[in-house]
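Remarks on the structure that follows.
Rule-based calculations on the coordinates, nothing more; no lab input. Small disclaimer: the values here were computed from a predicted structure and weren't measured. Every residue, glycine among them, receives a Cβ derived from its backbone with ideal geometry; neighbour counts consider all protein chains shown.
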Amino acid sequence: MELELARSDIRQVYVIPTTQMTLDAIPKWMESTARLAVVAPSVAGGLTPEKLLEQLKSPDTVQTPIAVVFSDQLVSPVHAPLLVEHLGTTQYLPALEVVAHLNYGLDLRVWVGDGFDMPPPECAPADVLRLLLRYQAGCQALGDRWLMRESQETRSPANRVNQARRRLRLLHSLVMHEFQDSPLPADYRSIVSRIGRMHKHLVDSARAA
């Protein structure tokens, strides 16, 4: 997978899949330009989207970095907050690519299976998200070469609900364990009550979906 990284006059974001080939290519890409920022939360030394946005916002940044973004690693609620429905499937997609392209004017080059495609310089967020859906389809077509296949389950609303319920149960257990040998203070009773309401809301939401 060849990326035009040496061009110092281009502000750009490459969206690529996580495969052994692309991971092995990171050192070579980083040697080609000092401006390169690799957004890959699952890779040692990789930036989070928040770190890249800090660089874009910082007045101390002399040159806008060229970013290589492994979007298939952006699956957590923090990194993938945009709920979309496509072909009967509802999932959460990342916002970084939308923000980088529309808010900061970086050229967006999205790998779509047979090469890279780009949205117009001025477009709607939905145009960027449609490209990300094509990117996901290309990733799926990679089969076993796609290293982040199993992680994509985290994008589903049902998975998000289950994870939230698990965290609420853990929080409830921690509070009750802390006061197992003494009466629960009034402040903590309100916390436990709120945890119960939040858990019920999640259960009701899951049933209604």
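Annotation for region 13-60 versus region 82-143: alpha-carbon center distance of 17 Å.
Within the listed set 44, 80, 67, the Gaussian network model of the chain (springs between alpha-carbon atoms below 10 Å) gives the highest mean-square fluctuation for 44. In this Cβ point-charge picture (+1 for Lys and Arg, -1 for Asp and Glu), the chain has a dipole of about 880 debye about its Cα centre. Once R0 is set to 30 Å, what does the formula 1/(1 + (r/R0)^6) return for the Cβ-Cβ distance between residue 163 and residue 24, expressed as a FRET efficiency to the nearest 0.05? Efficiency, from the Cβ-Cβ distance: 0.40.
For region 95-209, the Kirkwood estimate of the hydrodynamic radius, built from every pair of different alpha carbons, is 18.0 Å.
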